[in-house]
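A short write-up of the structure that comes next.
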Amino acid sequence: MKILHTADWHINTRHKRWASLDDSLDRMCREARDARVDLVVVAGDVMEKGPSAADWRVLTGHLTRFADVAPTLVVSGNHDDWPWLDQVMGYETSHMMHVSTEPETIVLQDGQFKPGIPGESDLVIHTMPWPGKATVREWYRRQTGHAVPEEEADRIAREFLLQIFQGFFAERKQAGNRAPSILVGHLEVSGAKMDNGQPSAAAGLTVGIEDLNAAECPLNLLGHIHAQQDLNVARTYYAGSPCRLSWGEAGAETKGCLLHEFVNGGTDWGTKRMDISSPRLWTMEAIYEERDG
Ligand SMILES: [Mn+2]
């Protein structure tokens, strides 16, 4: 079971370095085909806020090309505020596309996404789209039938999120499903290293590693932070953004995507960093001194 993991495309055709992102996504798709991946995971922020019709066409073009290679899952991020993102699920592609805008459990079985969790499947997938504070309160209201009391809103929302992660583990246990499992989220995990200049998104809840681990998945595949990294002893990964678009990303670290593979029936797994060789940005600093005479 091979999984290509990418995130944070931030498609914006008006960006002056837009062409390099477009190229990087094409290259990534060819890598996915060459590696014969079983699943493509896009962990949120596929577009910029306030996208244009051109951005939408480009996004659906890339997503459908990925879905011609393998089943493709998108989990929505804090920038994906386009209400009709999930329309892509109706597009004609060789493999299924699924857009997750709420926490849910689906499975991959014989190359198809299916809702819920049967006793057996090839993979179990739990999703956690961006937990904006207002969004989590809305999930809570729908689940419990009453509003989060204002004075304790953050504490209750945090506990509610933890319950969702715990619930994921309970669901697998109850179903007796022993397939490999992944958690796919667009999240800000405390302790993760931000790229220079990437602000912390205050409108969302930060989660701790211990929250994620409550789901007890061998792999947590995340988006949101643009610096590619792993946390939690090679269990929690940020794919990072596919190429450098801002000067805060001028470092030497790998830019691209990750390839995760479950082996030995899912008891072991490994991760490979795929550098898709985006152009390196250089920051030049000059110091001008005033001299006498
Ligand atoms: Mn984000």
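Using a Cα-Cα cut-off of under 26 Å, which lysines could be cross-linked to K272, ignoring same-chain neighbours fewer than 8 residues away?
Correct list for K272: K2, K193, K255.
Percent of Cα-Cα pairs per 10 Å bin, from 0 to the last occupied bin, for segment 52-91, please list those.
Percent of Cα pairs in each bin: 25, 63, 12.
Going by how many other beta carbons lie within 10 Å of each one, how would you line up T267, T206, T127, fewest first?
Ordered by Cβ neighbours within 10 Å, fewest first: T267, T206, T127.
Quick one, what does Rg over Rh come out to for segment 12-90 if you take C-alpha atoms and the Kirkwood Rh?
Using Cα coordinates only, the ratio equals 0.95.
Using the Kirkwood radius over C-alpha pairs as Rh, can you work out the diffusion coefficient of segment 132-218 via Stokes-Einstein at 4 °C, viscosity 1.567 mPa s, in µm² per second?
It comes out at roughly 90 µm²/s.
Note down the Stokes-Einstein diffusion coefficient of segment 1-57 in µm²/s, whole number, using a Kirkwood radius over alpha carbon pairs, 20 °C, and 1.002 mPa s.
174
Roughly how many whole Å is it from the C-alpha centroid of segment 130-157 to that of segment 160-195?
19
Quickly estimate the mean residue ellipticity at 222 nm for the chain, helices only: each DSSP H run with n ≥ 4 gives -39500 (n - 2.57), and the total goes over all residues, rounded to 500.
The helix-only estimate for the chain comes to -8000 deg cm²/dmol at 222 nm.
Give me the tail of P(r) for segment 101-247 as a percent: Cα-Cα pairs with distance above 19 Å.
In whole percent, the long-distance tail amounts to 55.
Can you sort H146, H79, H15 so the residue with the fewest Cβ neighbours within 10 Å comes first?
Taking fewest neighbouring Cβ atoms as first place, the list is H146, H15, H79.
Over the chain, what is the percentage of antiparallel beta bridges among all DSSP beta bridges, to the nearest 5?
Of those bridges, close to 50 percent are antiparallel.
Would you work out if segment 2-275 is rounded, prolate or oblate? Take a ≥ b ≥ c from the square roots of the eigenvalues of the alpha-carbon gyration tensor; rounded if a/c is under 1.5, else prolate when a/b is larger than b/c, oblate otherwise.
Rounded shape, in that the Cα axes give a/c under 1.5.
Please report V107, V75 as a ranked list, fewest other C-beta atoms within 10 angstrom at the top and most at the bottom.
V107, V75
What longest range of the chain stays clear of loop-exposed GluC sites (Glu not before Pro) (DSSP non-H/G/I/E/B, at most 10 other C-beta within 10 angstrom)?
93-284
For K173, list the aspartates and glutamates whose Cα falls under 15 Å from its own Cα; do not include residues on the same chain fewer than 8 positions away.
E120, E216
Based on a Kirkwood Rh over C-alpha pairs, give the Stokes-Einstein translational diffusion coefficient of segment 1-158 at 10 °C and viscosity 1.306 mPa s in µm²/s.
Rounded to a whole number, D works out at 94 µm²/s.
What ratio of Cα Rg to 2.2 N^0.38 Å holds for segment 76-173?
1.23
Any read-out appearing in this document is the output of simple, stated calculations on the displayed coordinates, not a laboratory observation. Predicted model, so just to flag it, every value in this text is computed and none were measured. Cβ sites come from the backbone with ideal geometry, for glycine too, and all protein chains shown count toward neighbours.
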